[in-house]
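The values are calculated or read from the model by the stated rules, or taken from the named source; none is laboratory data. Predicted model only: the values in this text are computed from it and were never measured. All Cβ positions, glycine included, derive from the backbone under ideal geometry; neighbour counts span all protein chains shown. Just so you know, the surface numbers come from the protein's heavy atoms only, side chains and all, with ligands and any DNA or RNA stripped out. Shrake-Rupley method; radii C 1.70, N 1.55, O 1.52, S 1.80 Å.
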Amino acid sequence: MAVETKTPAGTTASDDREMLISGSEACAEALTLADLDVVTAYPIRPYDTVMQAIAKKIANGQLEAEYIVAEGEHSQFEIVKHASTVGARVFCGSSGVGWMYAMECLTVTPPLRVPMVCMVGNRALDDPGAFGVEHNDALTVRDLGWLLIWVDTAQEMLDTTLLAYRIAEDRRVFLPIAISADGAFLTHSQAIVQVPSRAKVDKFLPPYNRGDLLLHPDNPITVAPQANEDWVIEIRRQNNEAMNRAYTVIEEAYADFRKTFGRGPENPWFEEYMTEDAEVILMGMGTISLPFKVGIRNMRAKGMKVGLIRPRWFRPFPTEKMVTALQGAKAIGVIDRDYSFGSPFGSGVVANEIRAAMYNADKRPPLLSFICGLGGREVTLEDVYKATDLCFEAAKTGKSPLKTQWLGVRE
Amino acid sequence: MAHFTCEVVYRGIFQKNLAARICRGIVLSARKAGRWGIAFGRYGDSPQRNGIPAKDFAIVADTQEELEQNMARYEPKEVDVTICVDDTLSKGVESWAWYGLQPINRLTTPNGTLLMTSLQSPTELLKDIHKKEAPYNLALIPAKASFSGLWVYKEDHTEARILGALAKIQPGFLSLDAVCAAIQEAEWGSELKAASARKAFERLESRPVKITEGNAETPFSFEKPKWWEMREGVSIPAIPIGKPMEGGKGYVPERNPYFKKFTTRTMRPVIDFDKCVKCTLCWIQCPDSCFDVTPDGLYDANMESCCGCGVCEAVCPAKDCVTMVREDAFEDNASQYEMWRRDKPAYVKWMGDKIASKEHVVRSHGFRFRGQYAEEIKQELEQGGIEITAGIPGENAAGKLR
Amino acid sequence: MAEAFANATQILEPFRGVKKVTIEEYFTSGHRTCQGCESALVMKLMVKAAGPRTIVLGATGCMYVANTTYYTTPWVVPWMHTQLGSSGSAALGTAAGLKALMKKGKMKSEPINVIAFCGDGGGADMGLGAISATLTHKEYNSLILMYDNESYANTDIQLSGSTPYGANTTFSPPGTLKRIIHTRWKKNMAGMLAAGHPECRYVATVDASYAVEMMNKVRKALSIGGPTFIHSLDPCPKGWDYDPMLSHELGELAVECGVFPLYEVEDGVVRHYGKTKAIVEGRPRKPVREYLLKQGRFAHFTEEDLEYFQSKVDEMWDKWEIPGVIPFRRAAAGK
């Protein structure tokens, strides 16, 4: 339930409103400001809290949009895909196996260049049916042309939702974006969020213009005819180009966001926390950053030179910037809230992406891989300390233990 | 080390099973001499469409290593023998958009062989078959194109006769005995079919084709756009709406320029405009929107987009107004309506010649009723022509004597 | 501010006779369908009936793969592919997108026809759930047309929930031990959807052998408002195995033998039409063997099979509460 709080004294210069809302509600606020046209819902925890919030806004007249409750995630995603091709600004989302049920539709949106914005309330995949967070759901589309970003606060969820439309609907990109929010920690907990004015948002976010791809009697085109081997690789090549253009578009969008709203990160790609002189750099996506920041502060107090990198954008992956940021470290510890059974070193997805990115780097510090917090299990300070200690050992020896460590498992 | 590559060019669906039998037969015959082989259909043709030209291939080699050089391909770069099982394909084939019109002998290697089933003479066929930069041989098996469908097969021995002929063309790879043995072992085989193969072997007519011979027209072709020239979002422009034929009257639909479809046709409608009652049925029932509406309310089948299904003849209520005529009776795709209005008596004579000839209007185009193929084979036996063992369709006189 | 929005449809009066049919083609040459493809004809007539202010969505199937290969489009009106099970979602999403933009003044307000088509595989099997959902969204105007060639004809003729009893398909080949592999009776799509969606204002069965009637059903479906459904029976020379010239004749025989009844359900009122009406009024049906024996897919049928098929069709006419429409019958009095 969204409670509006008083704007604190002294901030009158800002026409932002301050609200106590969950990450999902923050997303819904952004969608309202973005004047969403079509949204489709289907129940699955934890993402469905955003649809509940949207339903209220529509019921209360705060948002005018076609709100369709579909009969399954497959239809849920197909409906907005088609709404987008006739020029509507659309929103969709899901979690866990719901996202998997929509998989066929998730594969077609990038080649069709549909700038769909989605929220993934990250959730463990069945079986067993668990509500807690794991990142494997969103990661399943990492090769398909989706832009993927992880956020760690309700404020970042709101800001990123506005950024997502600006980036996805840029004609140079026209690709779908999935914003990942950790189940429970973000989707179900409320925090103080600065909500900007509609006027500011209108300045930042131009209307969606489908242009020459608009499906309309005034622009007669045939979209997605069946193609044989004479055409497919060219079409994939175009998709690859659109993904490459996203690097520039993302940096432009964040720069403009800071100009318009007076907040937002200098570096869109990842958050660096106490990394300047860090010997050990820990890495993890989403809310895993929060216990790690606490642990890092405690360890810094003891004089341990440790820092954190929290990747935001996983696709497109900021290879050069990431490699540069890691050059100073004596050891790197990557904590995955996902699994990739049978992968190199049995590591999680993020760890192996970092390994791949580092392969041609001048300096390749030892990289340790950890799997932690699966099924939504809390990440404890003990987990943080254990990971850090192992990293410092590796920093001394200069060698990576190849085995991937599972943290917080009963053994 | 040696290998032998063969393609079968055929009518989709109508001859799918026939082509498969031929290619399997080639590999299994070669196997008799310990050779290795593969048989496959051109993947892009599958799923096939009735009448749209398709290809199957058979490749045999002395060793598996040599065979590997020809595997994981959709289509060989060249073939020793091109087998064409419907002579209306001699006008060339267009299987896909942007594919252009490909001469029937395009893949035939220099001094290779084009083997066709046909009742036409080499001279007649070479009016249609495009010129080739290199000499090759044209070998003929006297037979009508064998058409059936997916489920019911016309057992007219065509596959056996082609295999027998191949033994004559490539004795080094397929001995006649090996071919006959393979035929008898096949699930469709029989002694009589083996006899058909031997007869085809004995009586195969072949003649060299010089580079000066053949149809001189340059087949239409296209250049595919580069990735950055293509529209994004897997989108392509729609077809513009058509326009009146002339003086604001009639109507000519715009047509897709990249796929013309006429090489799918084995018979074309010949229209007696004087008999037309302007009922519109041919026009409205045509699945290929191929009829232009003339200013005087007649309907002119556009011969670049007509695929020869025959529905227009089937629905026409006026007696003898629309007659389907075999494609080999025609030289070009000219408009019949234009011919008619330019010179009516000349058109009536032209039309009369076309529909008069019996063998040009007889239709065997797939299943119509149970026992139909058996009846057709019996007729072919009776039509006879050349002296040969009894019981073999297509080229049998002895059958008539019984 | 948004200009006044009316959720209106185009009012398409029926063509009064074949001479009054639109001369323009909105679906033209260029497709790679079979000789005598009845489904291609259905596409042509469907958009001829709908006219130029129309968007067509096509689910995977023959009318996608054969009909609209890359750069081989026959479409004059805007056309877009949708996934095999998504004809319902495509219609709904396109209609919702247009409605939202027009309501909010982001797009010129005008009635645009939205038609999504699917084959029997995409409609009667995979897409049934999405079609059903769309038929409950009465505020979005669209037509879903199922072109039923009675198999997955595009993928090499595999049986679908709409394949007739006993037919030869690559998934149900008659063998030496088992003559009949496909023992299921064809789904009754139009009847089921009409019965199950009380707010769907229009459901009809059509047959392109009766072109003008067929087009007029499409025009009514597009004019009446809300989501509508049309089931078209399309003879398939490839999968049914017959001379392509017979497509039109087989379309007529399907109706005359009573295998495929022609009817419309408009606001809950059932009307048989065309030759089906005559049958309901007592004209004798032709025996189904006249229809079955012209098709290679039934070449393995014995007398027994033909009789069984006939008896099931007879049931449809003699026992069903509404002949050929709904397989209900009242309990005998006192039972």
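Of all residues in the range A:203-231, exactly one satisfies the criterion of being open to solvent by 20 Å² or more (accessible area, probe 1.4 Å), at pLDDT 95 or above and aliphatic (A, V, I, L, M), namely A:LEU214.
Residues that are farther than 13 Å from A:ASP152 by Cα, in contact with a strand residue (DSSP E or B) (Cβ under 9 Å, 6 or more places away or on another chain) and either open to solvent by 60 Å² or more (accessible area, probe 1.4 Å) or aromatic (Phe, Trp, Tyr) (or both) within the range A:285-311 comprise just one, A:LYS305. The criterion of at least 2 residues that are buried (at least 24 other Cβ atoms within 10 Å of the Cβ) and either facing chain A (nearest Cβ under 8 Å) or at pLDDT 95 or above (or both) is met, among helices (runs of 4 or more DSSP H) falling completely within the range C:45-149, by C:87-103, C:128-134.
Residue-by-condition table, conditions (1) open to solvent by less than 20 Å² (accessible area, probe 1.4 Å); (2) touching a residue at least 60 places away in the same chain (Cβ under 8 Å); (3) in a loop (DSSP other than H, G, I, E, B); (4) closer than 28 Å to C:ALA59 by Cα:
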| position | (1), (2), (3), (4) |
| --- | --- |
| A:THR107 | no, no, no, yes |
| A:LEU112 | yes, yes, yes, yes |
| A:CYS118 | yes, yes, no, yes |
| A:ALA124 | yes, yes, yes, no |
| A:GLY129 | no, no, yes, no |
| A:VAL133 | yes, yes, yes, no |
| A:ASP137 | yes, no, no, yes |
| A:ASP143 | no, no, yes, yes |
| A:ILE149 | yes, yes, no, no |
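Just one of the listed residues (B:VAL277, B:VAL270, B:VAL315) is β-branched (Val, Ile, Thr) and at the interface with chain C (Cβ under 9 Å from one of its Cβ atoms), namely B:VAL315. The residue that is farthest from the other protein chains (Cβ to nearest Cβ), among those in the range B:248-259 that are part of a loop (DSSP other than H, G, I, E, B) and open to solvent by 40 Å² or more (accessible area, probe 1.4 Å), is B:GLY248.
In the range C:17-44, what residues are open to solvent by 10 Å² or more (accessible area, probe 1.4 Å) and assigned to a helix (DSSP H, G or I)? Hits for the range C:17-44 are C:VAL18, C:LYS19, C:LYS20. Among the residues of the range C:294-313, those identified as open to solvent by 10 Å² or more (accessible area, probe 1.4 Å), assigned to a helix (DSSP H, G or I) and either in contact (Cβ under 8 Å) with a residue 40 or more places away in the chain or under 13 Å from B:TRP151 (Cα atoms) (or both) are C:TYR308, C:LYS312.
Per-residue answers, yes or no, for (1) closer than 15 Å to C:PHE309 by Cβ; (2) open to solvent by 30 Å² or more (accessible area, probe 1.4 Å); (3) touching a helix residue (DSSP H, G or I) at 6+ places or on another chain (Cβ under 8 Å):
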{"residue": "C:TRP240", "(1), (2), (3)": "yes, no, yes"}
{"residue": "C:ASP243", "(1), (2), (3)": "no, no, yes"}
{"residue": "C:GLU266", "(1), (2), (3)": "no, yes, yes"}
{"residue": "C:VAL269", "(1), (2), (3)": "no, yes, no"}
{"residue": "C:LYS275", "(1), (2), (3)": "no, yes, yes"}
{"residue": "C:VAL280", "(1), (2), (3)": "no, yes, no"}
{"residue": "C:PRO287", "(1), (2), (3)": "yes, yes, yes"}
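Out of the residues in the range B:109-124 that are within 14 Å of B:VAL9 (Cβ to Cβ) and of a type outside the set (Ser, Thr, Tyr), which is surrounded by the fewest Cβ atoms within 10 Å (Cβ to Cβ)? Here the residue is B:GLY112.
Residue count for the range C:195-228, restricted to those that are small (Gly, Ala, Ser) and open to solvent by 30 Å² or more (accessible area, probe 1.4 Å): 2. Inside the range A:37-75, can you point out the residues that are within 18 Å of C:LYS99 (Cβ to Cβ) and within 10 Å of chain C (Cβ to nearest Cβ)? Across the range A:37-75, the qualifying residues are A:ASP37, A:VAL38, A:VAL39, A:THR40, A:GLU64, A:ALA65, A:GLU66, A:TYR67, A:ILE68, A:VAL69, A:ALA70, A:SER75. Restricted to the range C:3-27, and to residues there that are touching an Asp or Glu at 6+ places or on another chain (Cβ under 9 Å) and at pLDDT below 95, the residue that is nearest to C:PRO111 (Cα to Cα) is C:ALA8.
Identification of helices (runs of 4 or more DSSP H) wholly contained in the range B:111-221 with 1 or more residues that are touching a residue at least 12 places away in the same chain (Cβ under 8 Å) and of a type in the set (Ser, Thr, Tyr) yields B:158-169, B:191-203.
Scanning the range B:270-312 for residues that are under 17 Å from C:CYS34 (Cβ atoms) and not hydroxyl-bearing (Ser, Thr, Tyr) yields a total of 12. The residue list A:ALA253, A:ALA242 contains one member that is surrounded by 14 or more Cβ atoms within 10 Å (Cβ to Cβ) and within 14 Å of chain B (Cβ to nearest Cβ), which is A:ALA242.
From the list C:VAL203, C:VAL255, the one residue that fits, being among the β-branched types (Val, Ile, Thr) and part of a helix (DSSP H, G or I), is C:VAL255. Within the range C:1-44, take every residue that is farther than 22 Å from B:GLY308 by Cα and basic (Lys, Arg) and give me the one that is farthest from the other protein chains (Cβ to nearest Cβ). Ranking the candidates gives C:ARG16 first.
Checking the range A:180-196 against the condition returns no match, with no residue being among the aliphatic types (A, V, I, L, M), over 30 Å from A:GLY376 (Cβ atoms) and open to solvent by less than 50 Å² (accessible area, probe 1.4 Å).
A quick yes/no check of all residues on (1) acidic (Asp, Glu); (2) at pLDDT 85 or above; (3) surrounded by 17 or more Cβ atoms within 10 Å (Cβ to Cβ):
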| site | (1), (2), (3) |
| --- | --- |
| B:ALA356 | no, yes, no |
| B:PHE369 | no, yes, no |
| B:GLU375 | yes, yes, no |
| B:GLN379 | no, no, no |
| B:ILE386 | no, no, no |
| B:ILE392 | no, no, yes |
| B:ASN396 | no, no, yes |
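Evaluating B:ASP45 against the criteria (1) within 14 Å of chain C (Cβ to nearest Cβ); (2) open to solvent by 40 Å² or more (accessible area, probe 1.4 Å); (3) acidic (Asp, Glu) leaves one unmet condition, (2).
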